[in-house]
Amino acid sequence: MNALFLSANNSMHFAWFDDNRVSAGTISNHWKKRSPSRFEIKSFKGKPLKPQDLVSISSNDSLHFAWYWQDKGKCDPQYALWVCQGHSSGNILGARRDWYESALPKGAHRDNLLFITSNNDLHCAWFRKGAELWVGRGPSECLYKTDVYHCLLPPDVSVEHILFMASNNKSHFAFLRNGTYLTGKGRKLERPRAGGSYDLAELRDMLMV
C-alpha cells in the first residue's frame, strides 16, 4: 500500500493509497482521525479507473475531486484534463458530478503539471516553468480564471523537493521529500515558524533525507 496523493480541507488531511483506500488525520499524522477505508472511482466513458490512473485527488469541506488525463490520440493537444466530484461522506469519486473537462493555465500541460489542490473557494493547478513553481487558480472548469502567478520557495528548496501538495481555506502545504513541509498563502511558501514534519509510514522508502 503506497500513498499516491495527499489532500486537505479545513478539518482534516487525507492520504489516498494505491489500493483504493483513503485515511484521514492531521498534517503530521494522516491516520489519526480515520483508518484507511475503501473508495471507488467512477469509470471514464466506460473505462474503469484505478488511483494510479489519476493526475490528482483534491478535497474541500464538502467534496473530493478526481482529476484525469484523457489521451485524445492525434488531436492537438493530445491530452485533455477532466475532473469529477464526490461527497466526502461517500465512497465513490464521481457520484456527485460525472466527468467534465477542465482548462489549464497557458503554459501548463501534461508534462509540467505537478499537482492540483482545492479549497472551498478555488482550485489550484501547480505547474513548473523552468526551475520555478507557478500556480493558476479558478473554478474546477477553468484553473486559471482567477489568476496565475509565480510561487516563491525558500532558497534551499527546489521544485524537485516537493512530493505532494494540499490546500485548505487558510494555507497551501508543500510536503517535502525529507519529511518536512512548507506552508503559505500561494505567492510564497515557507517553513512553519516552529518547524514541522509529517509522518506517513508508507512514504519512508521514498523520502530523501
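Structure above, values below:
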read-out	value
Listing of strands (runs of 3 or more DSSP E) fully contained in segment 110-201 that carry 2 or more residues being among the aromatic types (Phe, Trp, Tyr) and within 21 Å of Leu4 (Cα to Cα)	123-129, 172-176
Any chance Ser37 is closer than 23 Å to Tyr144 by Cβ and of a type in the set (S, T, N, Q)	no
Within segment 142-169, tally of residues that are loosely packed, with under 15 Cβ neighbours inside 10 Å and of a type in the set (Lys, Arg)	0
Conditions (1) in contact (Cβ under 8 Å) with a residue 24 or more places away in the chain; (2) in contact with a Lys or Arg (Cβ under 8 Å, 6 or more places away or on another chain); (3) closer than 14 Å to Ile27 by Cβ: number failed by Pro154	(3)
Long-range neighbours under 6 Å by Cβ, at least six apart or interchain, first residue on the phi > 0 side of the Ramachandran plot within segment 165-187, second assigned to a loop (DSSP other than H, G, I, E, B) and modelled with pLDDT under 95	Gly179/Leu207
Residue in segment 45-59 that is surrounded by 13 or more Cβ atoms within 10 Å (Cβ to Cβ), within 16 Å of the chain's Cα centre (by Cα) and either aromatic (Phe, Trp, Tyr) or assigned to a loop (DSSP other than H, G, I, E, B) (or both) present	no
Every residue from segment 1-53 that is of a type in the set (Ser, Thr, Tyr) and farther than 19 Å from Ser171 by Cβ	Ser23, Ser35, Ser37, Ser43
Whichever residue in segment 69-79 is at pLDDT below 95 and assigned to a strand (DSSP E or B) and, among such residues, is farthest from Lys42 (Cα to Cα)	Tyr79
Segment 32-44, subset more than 18 Å from the chain's Cα centre (by Cα), under 15 Å from Phe14 (Cβ atoms) and in a loop (DSSP other than H, G, I, E, B), residue modelled with the lowest pLDDT	Lys32
Looking only at segment 60-107, and only at residues there that are under 26 Å from Arg128 (Cβ atoms) and acidic (Asp, Glu), the one that is surrounded by the most Cβ atoms within 10 Å (Cβ to Cβ)	Glu101
Residue in segment 127-141 that is surrounded by the fewest Cβ atoms within 10 Å (Cβ to Cβ), counting only those that are closer than 16 Å to Val55 by Cβ and out of contact with any helix residue (DSSP H, G or I) (no Cβ under 9 Å at 6 or more places or on another chain)	Glu141
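The values are calculated or read from the model by the stated rules, or taken from the named source; none is laboratory data. Fair warning: this is a prediction, and the values are worked out from it, not measured in the lab. Backbone-built Cβ (ideal geometry, glycine too); neighbour counts: all protein chains shown.
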